[in-house]
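The values are calculated or read from the model by the stated rules, or taken from the named source; none is laboratory data. Predicted, not measured: the structure shown is a model, and the values here were computed from it. Virtual Cβ from ideal backbone geometry, glycine too; neighbours counted across all protein chains shown.
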Amino acid sequence: MRINKSLNLQIENMKLTLKIWRQENAKAKGKMVDYIIDGIDGDMSFLEMLDVLNEDLVNKGEQPVEFDHDCREGICGACSLQINGEPHGPDKLITTCQLHMRTFKDGDTIVIEPFRATAFPVIKDLIVDRTSFDRIQQAYGYVSVNTSGNTIDANSIPIKKENADDSFNAATCIGCGACVAACKNASAMLFTSAKVSQFALLPQGEVEADRRVLAMVEQMDKEGFGNCTNTGACEIECPKGISLENIARMNREYLKASVK
Amino acid sequence: MSVLDSKIPEGPLEEKWINYKNNINLVNPANKRNIDIIVIGTGLAGGSAAATLAELGYNVKTFCYQDSPRRAHSIAAQGGINAAKNYQGDGDSNYRLFYDTVKGGDYRSREANVYRLAEVSGNIIDQCVAQGVPFAREYGGMLDNRSFGGVLVSRTFYAKGQTGQQLLLGAYSAMNRQINRGKIQAFNRHEMMDVVLVGGKARGIIARDMVTGAIERHSAHAVVLASGGYGNVFFLSTNAMGSNVMAAWRAHRRGAQFANPCYTQIHPTCIPVSGDHQSKLTLMSESLRNDGRIWVPKKIEDAEAIRAGKKKPTDLSEEERDYYLERRYPAFGNLVPRDVASRAAKERCDAGYGVNKTGEAVYLDFASAIERYGKEKAFTSGHKNPSKEEVVKLGTEVIEAKYGNLFQMYEKIVDQNPYKTPMMIYPAVHYTMGGLWVDYNLQTTIPGCYAAGEANFSDHGANRLGASALMQGLADGYFVLPYTIGDYLSKDIRTGKIPTDTAEFDAAEKDVTDRINKLMNAGGQHSVDHYHKKLGKIMWNKCGMSRNAKELQEAIHEIAELREDFWKNVKVPGSADTKNAELEKAGRVADFLELGELFAKDALHREESCGGHFREEYQTEDGEALRDDENFKYVASWEYTGKPSEAILHKEELVFENIELKTRSYK
């Protein structure tokens, strides 16, 4: 039997109780359903554990649990899940697909819900509709440059390494929505500010910075996301460690653009 | 007689693309407004093509199975993108990038396409920087570069280990700009189920809304397939869970020939399989081979002790380690191309020197890089005599800045700290060089049906070099397809809107619903994954890193049997009128079960070893691949006739006018 050394707990052949949100479609009423699952290994990822459950349900002729997932390496941003009340579960700086069962122990009960927010309506079971994020980016999440390739040489504008790095750090946002799910107001400020910051920090994006921040914030409000009250929960739960500094930057950018 | 006409323009290599562009037919801006184009897939190729076509004025509809175009699997590409910028002044040029790519592909790619790729590569970097893609920079403000396998220059641009993410978000932002202008309509959570031909031309698709289950008809004057590769035929691969061959295979069944299906890239540096529950494999970027050194124990007793947990890798001294790539390939060392590195790992593990519980892993060690960088950093910051601890601390910081996210990813999966103990890696299926046959215009053998990015076969021959997939995807989408498709569409300016209430659309829709009903009403014995895993085992064991005639024949037989059983006994629960992940998987696995057989048939017919295709019967005395240019210097393009076993082979002879064919050597 293998043991989690730091916790001295059994992590092989675990038996778990899962409490999972089941909801037939957007209009149906959902409810929590209990499942008992056996033989779970600590090296399995959380989603592989759900695969085992689903294989079991299919074999029994029941409906498998629907959940979003794709790359299973923490970069596509498809997977979500509120696990024991936390977006992407108890570990920090990872997505649900990178969460491993060694984080849990034999006999645990795990509560699995979809990300909750007015702007993220449930589609089915654990799948939510996050197209509100797409619409924020469609509003002005770009630089207005044609894709013809007839532009200046990539090295003709030197960019300070610090700015390039900060821009990159903001740009690593995977658009998963954990920030919204973590926030008691369901605010999308961290997400929107990451996009605003990425461009505002680069000379290429700075040209349209004013118009961009106004348009993106307007769309964010239209989608029904809540206000930011600076609790910082978003930063703590963000799997990519997007910093609150981006929100401060966006507020500055917004103020600057508004008074012009 | 072959039906394949590659339509390579006349003239010297360097002038082909320029001459071509000067002489093609154009569509005037007013007419572009009356022309519709469908793009399947929104990764680097599809996203960039959709944005550019919309910007030119065409009406574009995009389709992707993900909930947002931004999640296409290009997002997971880690290491970088090649471009012949020669910013490092190390002698790079378009010709050298072209040459490296053709050689890296083991002389099985088309010269004219590859040269064009090299020619536009620099433009890609300019374009992405203009879009606000935050590439890595040096303190002087200039773009940084690193090296990848199979080349002797530093031409790879990168954004930490998230280059694909940043490039895709760039293409997605360009799409967003066009969505905002109303020029792109994005259909997300939609799967293309079939392509519709009218009068022999691709004129639309049948799609399934994956949320409501509704079957939809969409018409267009041309259809672009940028739906990625088919690595998931192996069940376990580094592809996303949803990556599939459906769009390409549906087109194949309607007349698009499928080229070189057996050319698969098994990537050397992936996290080893840990157990039967494994759902996918995770790549550790090739860029790690810039700094990591690959080794196994020199003595078999040490390997055994490590497997049994009695010894740790750090217990072994330098003399007790076999840095087998540096030993076998001194010129390229740890940076040999992927196919070479993968086979070498398999060779050591098969001989009993593998580590990990399973014996199927080798070490990728950063200790010497940490020491080297640590010393350098201590020195430049004034510590001329640093302690060992200081060196390790500073060196670790440098490695973290370069590969931090990869190391974190590794630690989360394996539960070991790769800064302190070497990583364990093993080859895994990663990329498919084969794909839909296309001519120089990227048009398939169905008029009006184009294929771009990994979905086509065109540029990488039998083995793709690292950091070239991103380059090809964006080259096809931003700079090639938007020109070539115009030439075709110039004949369509008077066609008018394509109606969808026609017999052709009726018939295609009926095929799709019949197929769905058949899947929903099959015998209900086994889950879709049951079949997919079985298929994956056959593929990995008999069509994997090394292949032989006997096993390939067995694979053909076994896959055909498995397919028959699948259609009789698969179990798809629930209904087709709602979100149904099992039904989605079933449709995809059904196509993999056909493709897999053609794959094995192609591998069996190619009686030579080249690139990622290694036939045990054809190797040199020291175990290197043995090509047969006299008999196999061609593209094998397969025509569908109803059954994979009866597919008809067409050959496109490859002509090498600018490169002398040689035995690939990285020694």
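Mind telling me which of the residues A:Ala186, A:Ala182 ends up being in contact with an Asp or Glu (Cβ under 6 Å, 6 or more places away or on another chain) and over 26 Å from B:Ile184 (Cβ atoms)? Give the steps one after another, and end with the answer.
On the way: A:Ala186 fails: in contact with an Asp or Glu (Cβ under 6 Å, 6 or more places away or on another chain).
Among A:Ala186, A:Ala182, only A:Ala182 is in contact with an Asp or Glu (Cβ under 6 Å, 6 or more places away or on another chain) and over 26 Å from B:Ile184 (Cβ atoms).
Suppose we keep only residues that are out of contact with any Asp or Glu (no Cβ under 7 Å at 6 or more places or on another chain), touching a residue at least 60 places away in the same chain (Cβ under 8 Å) and within 12 Å of chain B (Cβ to nearest Cβ) within the stretch A:14-49. Which one would you say is nearest to B:Ala522 (Cα to Cα)?
Per the criteria, the residue is A:Glu24.
Condition check ((1) surrounded by 23 or more Cβ atoms within 10 Å (Cβ to Cβ); (2) free of Cβ contacts under 8 Å to residues at least 24 places away in the same chain; (3) more than 30 Å from A:Lys31 (Cβ to Cβ); (4) within 11 Å of another protein chain (Cβ to nearest Cβ)) across all residues:
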| position | (1), (2), (3), (4) |
| --- | --- |
| A:Asn150 | no, yes, yes, yes |
| A:Asn155 | no, yes, yes, yes |
| A:Ile159 | no, no, yes, yes |
| A:Glu162 | no, yes, yes, yes |
| A:Asn169 | no, no, yes, yes |
| A:Cys176 | yes, no, no, yes |
| A:Ala186 | no, no, no, no |
| A:Ser193 | yes, no, yes, no |
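Just to confirm my filter: which helices (runs of 4 or more DSSP H) fall fully inside the stretch B:279-364 and include at least 3 residues that are touching a Pro at 6+ places or on another chain (Cβ under 7 Å)? So that I can check it myself, show each step before the final result.
On the way: elements: B:300-307, B:324-328, B:338-348.
It comes to B:338-348.
Taking only the stretch B:607-658 into account, find how many residues are in contact (Cβ under 8 Å) with a residue 24 or more places away in the chain, outside any loop (DSSP other than H, G, I, E, B) and closer than 16 Å to B:Ala259 by Cβ.
Number satisfying all stated conditions: 13.
Please pick out the residue among B:Gly213, B:Gly182, B:Gly231, B:Gly204 that is small (Gly, Ala, Ser) and within 22 Å of the chain's Cα centre (by Cα).
B:Gly231
Can you pull out every residue in the stretch B:138-153 that is among the small types (Gly, Ala, Ser), surrounded by 14 or more Cβ atoms within 10 Å (Cβ to Cβ) and within 14 Å of chain A (Cβ to nearest Cβ)?
B:Gly141
Could you check the stretch A:215-249 and list, in sequence order, the residues that are touching a Ser or Thr at 6+ places or on another chain (Cβ under 7 Å) and in a helix (DSSP H, G or I)?
A:Met216, A:Val217, A:Met220, A:Glu235, A:Asn246, A:Ile247, A:Arg249
For residues in the stretch B:110-133 being in a loop (DSSP other than H, G, I, E, B) and not small (Gly, Ala, Ser), which is surrounded by the fewest Cβ atoms within 10 Å (Cβ to Cβ)? Break it down stepwise before answering.
Looking only at the stretch B:110-133, we keep the residues that are in a loop (DSSP other than H, G, I, E, B), and these are B:110, B:131-133.
Checking which are not small (Gly, Ala, Ser) leaves us with B:110, B:131, B:133.
On the way: B:Arg110: 24, B:Gln131: 26, B:Val133: 29.
The selected residue is B:Arg110.
Could you tell me whether the stretch A:207-229 includes any residue that is hydroxyl-bearing (Ser, Thr, Tyr), closer than 23 Å to A:Asn84 by Cβ and touching a Cys at 6+ places or on another chain (Cβ under 9 Å)?
no
Looking at the stretch B:154-176, which of its residues are touching a Pro at 6+ places or on another chain (Cβ under 9 Å), farther than 13 Å from A:Ile174 by Cα, part of a helix (DSSP H, G or I) and facing chain A (nearest Cβ under 7 Å)?
The one that is touching a Pro at 6+ places or on another chain (Cβ under 9 Å), farther than 13 Å from A:Ile174 by Cα, part of a helix (DSSP H, G or I) and facing chain A (nearest Cβ under 7 Å): B:Asn176.
Within the bounds of the stretch B:91-109, is there any residue that is under 24 Å from B:Leu225 (Cβ atoms), facing another protein chain (nearest Cβ under 10 Å) and assigned to a helix (DSSP H, G or I)?
No, the stretch B:91-109 has no match at all.
Would it be correct to say that A:Ala119 is touching an Asp or Glu at 6+ places or on another chain (Cβ under 7 Å), more than 10 Å from chain B (Cβ to nearest Cβ) and at pLDDT 95 or above?
yes
Can you tell me which residue is farthest from B:Arg588 (Cα to Cα) among those in the stretch B:192-212 that are of a type in the set (D, E, K, R) and buried (at least 21 other Cβ atoms within 10 Å of the Cβ)?
B:Arg203
Taking A:Glu55 as the residue in question, decide whether it is touching a His at 6+ places or on another chain (Cβ under 7 Å), part of a helix (DSSP H, G or I) and of a type in the set (Asp, Glu). Explain how you work it out, then say what you get.
Numbers: touching a His at 6+ places or on another chain (Cβ under 7 Å): no; part of a helix (DSSP H, G or I): yes; of a type in the set (Asp, Glu): yes.
Answer is no for this residue.
Taking the stretch A:124-141 as the search range and keeping residues that are of a type in the set (A, V, I, L, M) and assigned to a helix (DSSP H, G or I), which one is farthest from A:Ala78 (Cα to Cα)?
Top of the filtered list is A:Ala139.
Specify which of the listed residues (A:Thr103, A:Thr95, A:Thr109, A:Thr118) is at negative phi, buried (at least 24 other Cβ atoms within 10 Å of the Cβ), of a type in the set (Val, Ile, Thr) and not assigned by TED's automatic domain parsing to the domain that holds A:Thr172. Steps first, please.
On the way: A:Thr103 fails: buried (at least 24 other Cβ atoms within 10 Å of the Cβ); A:Thr109 fails: buried (at least 24 other Cβ atoms within 10 Å of the Cβ); A:Thr118 fails: buried (at least 24 other Cβ atoms within 10 Å of the Cβ).
None of the other options fit; the residue is A:Thr95.
Check the stretch B:625-633 and report whether any residue there is more than 14 Å from every other protein chain (Cβ to nearest Cβ) and modelled with pLDDT under 95.
Yes, that holds for at least one residue.
Quick one: A:Leu126 ticks every box in (1) more than 7 Å from chain B (Cβ to nearest Cβ); (2) aliphatic (A, V, I, L, M); (3) surrounded by fewer than 24 Cβ atoms within 10 Å (Cβ to Cβ) bar one, so which box is it?
Evaluating A:Leu126 over (1) more than 7 Å from chain B (Cβ to nearest Cβ); (2) aliphatic (A, V, I, L, M); (3) surrounded by fewer than 24 Cβ atoms within 10 Å (Cβ to Cβ) leaves (3) as the failure.
Would you point out which residue out of B:Gly242, B:Gly275, B:Gly292, B:Gly228 is small (Gly, Ala, Ser) and under 26 Å from B:Asn441 (Cβ atoms)? Don't jump to the end; show me each part of the working.
Values: B:Gly242 fails: under 26 Å from B:Asn441 (Cβ atoms); B:Gly275 fails: under 26 Å from B:Asn441 (Cβ atoms); B:Gly292 fails: under 26 Å from B:Asn441 (Cβ atoms).
Checking each option against the conditions leaves just B:Gly228.
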